[in-house]
Amino acid sequence: MVKFADSVLNVSVLYLVRHGQASFGSLNYDLLSERGHQQSRALGHQLRALNISPSRVLTGNMVRQQQTMQEIIGSAQWDLPITTDTGWDEFSAANLIAAYPQQDPEAQTDSRAFQRILEKASARWASGNHDDDYAETFTAFTSRVRTALINALTGLGSGQSAVVVSSSGAIAWTAAQLISGGFDQWLALNRVTVNSGVSKIVAGSSGTTLVSFNDHGHLPGNWVTYR
């Protein structure tokens, strides 16, 4: 069942999309792979089939995010300009790993090794004990993502929706804060966020609520990727 097409009559809705698969292991990660383009187009076709017509579309400033939105817009046949909000940018995994005392050369090409060291480096980052080692502290990251969510929802009327393309860290923090979670919940959600997966957030008189997380029913099973 596709959960992100529920009625939006009495609330405003934010569809928060993770970018399609990027180019892990290549010289430039910040580009969609061919599979990433396919995933993004598949989501656009699904959104069109469900008659989802957003009032606005936003992305962070990363190429993979903007490429994903361009594919979605083309497939969904929306005539909307893309608004860029750097609050939806991903944190710098490269910065976190470079600052981590123990390095693993395999992490450059092995996604499992990368995930292991990234989680250890993330815990060090979030501790707040080494803030001088990072271009952006964990507190600054979570603060800007929180502000980006507020900005994305501001001005949306009842029955209106917006689509945002971001990255797993920003999406996972948005979801974690909406369920009153912290670092542990963020790390667990970040670990399983699927490329082009959709999380649905509704805002109304009762507040802002996470309705669904990481829906990827638009993808064939062999198209499901996590990096």
Scan the stretch 140-155 for residues that are of a type in the set (S, T, Y) and touching a residue at least 24 places away in the same chain (Cβ under 8 Å) and jot them down. T142, T147
Filter the stretch 193-227 down to the residues that are over 24 Å from Q160 (Cβ atoms) and touching a Gly at 6+ places or on another chain (Cβ under 6 Å), then identify the one that is surrounded by the fewest Cβ atoms within 10 Å (Cβ to Cβ). H216
Could you check, for the stretch 134-144, whether at least one of its residues is farther than 27 Å from T68 by Cα, buried (at least 16 other Cβ atoms within 10 Å of the Cβ), among the hydrophobic types (A, V, I, L, M, F, W, C) and over 16 Å from the mean Cα position of the chain (by Cα)? no
Show the residue pairs that are 6+ apart or on different chains and have beta-carbon atoms under 6 Å apart, the first residue being within the stretch 97-126 and touching a residue at least 12 places away in the same chain (Cβ under 8 Å), the second being of a type in the set (D, E). A99/D133; I117/D104
Criterion: assigned to a helix (DSSP H, G or I) and surrounded by fewer than 14 Cβ atoms within 10 Å (Cβ to Cβ) - qualifying residue of A113, A121, A98, A148: A98
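Listed here are the residues, each with its yes/no results for (1) without any contact (Cβ under 8 Å) to a residue 12 or more places away in the chain; (2) within 8 Å of the chain's Cα centre (by Cα).
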residue	(1), (2)
S167	no, yes
W173	no, no
S180	yes, no
F183	no, no
W186	no, no
N195	no, no
S205	yes, no
Restricting the stretch 39-73 to residues that are in a loop (DSSP other than H, G, I, E, B) and more than 17 Å from the chain's Cα centre (by Cα), the residue that is surrounded by the fewest Cβ atoms within 10 Å (Cβ to Cβ): N51
I'm trying to understand the selection: among the residues of the stretch 125-135, which are assigned to a helix (DSSP H, G or I) and out of contact with any Phe, Trp or Tyr (no Cβ under 6 Å at 6 or more places or on another chain)? D131, D132, D133
Residue ID - farthest from V163 (Cα to Cα), chosen from residues in the stretch 74-95 that are part of a loop (DSSP other than H, G, I, E, B) and polar (S, T, N, Q): S92
Residue in the stretch 119-136 that is closer than 30 Å to N51 by Cα and either aromatic (F, W, Y) or not assigned by TED's automatic domain parsing to the domain that holds S26 (or both) present: no
Here are some residues: S212, S158. Which one is closer than 28 Å to L80 by Cα, assigned by TED's automatic domain parsing to the domain that holds G20, in a loop (DSSP other than H, G, I, E, B) and in contact (Cβ under 8 Å) with a residue 12 or more places away in the chain? S158
Quick check: anything in the stretch 6-17 within 21 Å of L149 (Cα to Cα), of a type in the set (D, E) and more than 17 Å from the chain's Cα centre (by Cα)? yes
Residues of the stretch 109-130 being over 23 Å from L178 (Cα atoms), touching a helix residue (DSSP H, G or I) at 6+ places or on another chain (Cβ under 8 Å) and of a type outside the set (G, A, S), in sequence order, are F114, Q115, R116, I117, L118, R124, H130
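The values are calculated or read from the model by the stated rules, or taken from the named source; none is laboratory data. Nothing here was measured: the structure is a model prediction, and the numbers come from that model. Reconstructed Cβ throughout: ideal geometry from the backbone, glycine too, with neighbour counts over all protein chains shown.
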